[in-house]
Amino acid sequence: MKNLYSLRSHLILLVVLLVTGAATTSCNKIKDAIKVNFGLNYADLNFAIQPTSQSTFTTSSSKSSTLQAELDKNKAAVDKVVLKSVLFELQAGSASNFGAISSGECYLTANGQSAKLGSFQNPASNTQSISVTVENGDDLKQYLQASQFTVELRGTTRQAIQDAMQVKGTIKFEVTGKAK
């Protein structure tokens with residue numbers, strides 16, 4: 001009889017251990033399966049393109065990154081940051097248009113490293129916006145997890161830029177992460 005109780009208690013202990021192990025493994029699998037998506041839009045980058053008679057120009061704007069704070073607030077860990085789009089628009093009150101600019105490139109820099117985001121060709125017109133062709137499908141999280149990042153616009157001109165241009169840059173990223 002004593003052996004029967006001992007066998008029963010060992011059997012119950014084995015079942016409890018198996019159930020506990022399965023529950024822990026299942027919880028981890030569920031946690032890993034939960035994906036968190038953030039559509040981040042940095043529309044508040046402001047640039048100034050200064051008058052120039054040169055055939056090239058460069059302008060940049062820096063921003064403090066809020067990615068890590070956003071992830072911490074939502075109890076998530078970032079997996080990947082991918083560029084979705086880059087758009088430059090003249091601000092109201094700019095006396096000029098983008099007609100003097102023939103082409104350009106856009107770069108993202110943080111912590112001493114730089115990544116080309118894309119480039120554009122601008123036809124000779126009186127356009128008020130320039131859409132950059134995204135050429136970077138790389139994971140950019142190291143740039144946006146930095147405390148500050150800089151976006152640089154470099155271009156060539158077809159004629160002198162007569163008036164300063166106030167430009168708003170809208171740069172959209174898709175940030176994916178998972179629950180902690």
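Quick test for you: out of Ala160, Ala115, Ala124, Ala110, pick the one residue that is farther than 23 Å from Asp44 by Cβ, free of Cβ contacts under 8 Å to residues at least 60 places away in the same chain and hydrophobic (A, V, I, L, M, F, W, C).
Criteria check complete, one pass: Ala124.
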Subject >> Subset of region 119-132 [closer than 17 Å to Thr56 by Cα and of a type outside the set (A, V, I, L, M, F, W, C)] >> reply: Ser119, Gln121, Asn122, Pro123
Original post:
Can you find even one residue in region 150-170 that is more than 24 Å from Ser53 (Cα to Cα) and surrounded by 17 or more Cβ atoms within 10 Å (Cβ to Cβ)?
Top reply: no
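Matching residues to (1) closer than 22 Å to Arg158 by Cβ; (2) at pLDDT 85 or above; (3) not basic (Lys, Arg):
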site: Asn46; (1), (2), (3): no, yes, yes
site: Thr52; (1), (2), (3): yes, yes, yes
site: Thr58; (1), (2), (3): yes, yes, yes
site: Lys73; (1), (2), (3): no, no, no
site: Asp79; (1), (2), (3): no, no, yes
site: Leu83; (1), (2), (3): no, yes, yes
site: Val86; (1), (2), (3): yes, yes, yes
site: Gly93; (1), (2), (3): no, no, yes
site: Leu108; (1), (2), (3): no, yes, yes
Original post:
Out of region 91-107, which residues are touching a Lys or Arg at 6+ places or on another chain (Cβ under 8 Å) and more than 21 Å from Ser55 (Cβ to Cβ)?
Top reply: Gln91
Subject >> Subset of region 139-153 that is in contact (Cβ under 8 Å) with a residue 40 or more places away in the chain and of a type outside the set (A, V, I, L, M, F, W, C) - its residue that is nearest to Ala92 (Cα to Cα) >> reply: Glu152
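The values are calculated or read from the model by the stated rules, or taken from the named source; none is laboratory data. Just so you know, these numbers come straight off a predicted model, no measurement behind them. Cβ coordinates were reconstructed from backbone atoms using ideal geometry, including for glycine residues, and neighbour counts include every protein chain displayed.
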